[in-house]
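Chemist: Mind looking over this structure? Questions follow.
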Amino acid sequence: MSMISIIIPVLNEENYIGTVLDELKKYVKNIPLKSEIIVVDNGSTDKTRQIVLSKQVKLVEEKERGKGEAASAGAMEAKGDILVFIDGDSSYPAEAIPQLIKPFFNEKIDIVSCSRFLGKPIKINFIRRSGNRILTFLASTLYCPTTDLLTGMLAIRRGRLAELDLESKGFEIETELFIKSYKANLHRIEIPISYKERNRRDSKLHALIDGFKILKTLLKYKL
């Protein structure tokens with residue numbers, strides 16, 4: 001392991017992406033590896049692109065809408081042995097990056113997933129918490145135990161990700177990754193992190209529409 005690539009899919013994140021990039025640059029200094037930061041703009045119409053360019057990190061533009069599309073585009077451009085995916089809205093802690101990478105020095109680890117529900121209690125609205133609990137329970141019952149199916153922060157070995165042949169275009173990408181990594185017998189662990197819920201008005205996730213897609217993905221690979 002010689003390099004990590006941090007991939008950040010974004011869509012209209014002008015209020016957050018500058019802070020996210022500043023924080024990431026600060027904490028990657030604590031990792032004894034080379035690193036690169038890749039921001040994948042998924043069609044922003046605000047000042048997101050300009051802010052990213054001002055921070056002197058790599059910018060990739062992906063016109064096909066969807067978190068899955070953006071994440072895949074970032075992975076294609078990445079040069080690192082370890083790929084870190086993190087949301088660009090400041091909800092996930094950049095300071096957890098060294099902790100997230102540390103397990104990969106053990107050659108048996110393939111995926112490290114950050115769980116919002118393993119550590120201290122977090123504040124998250126009732127609808128989102130309930131939906132996450134139901135979907136996480138189903139995932140644990142149908143496949144293997146997990147405490148946070150819908151995490152927006154995880155890391156995976158680049159070669160292992162390529163083996164999974166992910167197809168999801170939207171927010172169901174994490175669910176497909178969870179299922180296919182289980183079926184491929186990848187060694188996955190979860191670590192606790194803090195979490196700061198973003199303003200619901202800024203959220204790109206639609207609870208009902210995206211929740212249905214995630215449920216459909218859970219059932220698709222079991223039938």
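Any read-out appearing in this document is the output of simple, stated calculations on the displayed coordinates, not a laboratory observation. Keep in mind the model is a prediction, meaning the values are calculated, not measured. Every residue, glycine as well, gets a Cβ built from its backbone with ideal geometry; the counts of neighbours run over all protein chains shown.
Chemist: Give me P(r) over the stretch 109-223, computed from all C-alpha to C-alpha distances, binned every 5 Å, as integer percentages.
Modeler: So the P(r) values, bin by bin, are 2, 11, 22, 25, 21, 13, 5, 1.
Chemist: Check which residues have an amide H placed less than 5 Å from E190's amide H, if you skip close sequence neighbours.
Modeler: The list, which skips near neighbours in sequence, is S113.
Chemist: Around K79, with a cut-off of 14 angstrom between Cβ atoms, what is the net charge of the other residues, counting Lys and Arg +1 and Asp and Glu -1?
Modeler: +1
Chemist: Restricting to Cα pairs below 8 Å that are 6+ residues apart, what does the relative contact order work out to for the chain? Please round to a whole percent.
Modeler: 24 percent
Chemist: Could I ask something else about it? Sorted from largest down, what three extents in whole angstroms do the Cα atoms of the chain have along their principal axes?
Modeler: Result, largest extent first: 46, 41, 35 Å.
Chemist: Which pairs break 31 Å Cα to Cα here: K196/K216; K55/K180; K79/K108; K34/K196; K58/K120?
Modeler: Table pairs above 31 Å Cα-Cα are K55/K180; K58/K120.
Chemist: Related question: What net charge do the residues around V60 carry, taking every other residue with its C-beta under 15 Å from that of V60, with Lys and Arg at +1 and Asp and Glu at -1?
Modeler: -1
Chemist: Can I ask one more? Give me a comma-separated list of calculated 3J(HN,Hα) values for the stretch 102-110, in order, Karplus coefficients 6.51, -1.76, 1.60 applied at θ = phi - 60°, integers in Hz, x for any Gly or Pro.
Modeler: Using θ = phi - 60°, the values come out as 3, x, 6, 6, 8, 5, 7, 7, 10 Hz.
Chemist: Applying a 10 Å radius around every beta-carbon, put 30-39, 109-118 in order of their mean neighbour count, most first.
Modeler: Peptide ranking by packing, descending: 109-118, 30-39.
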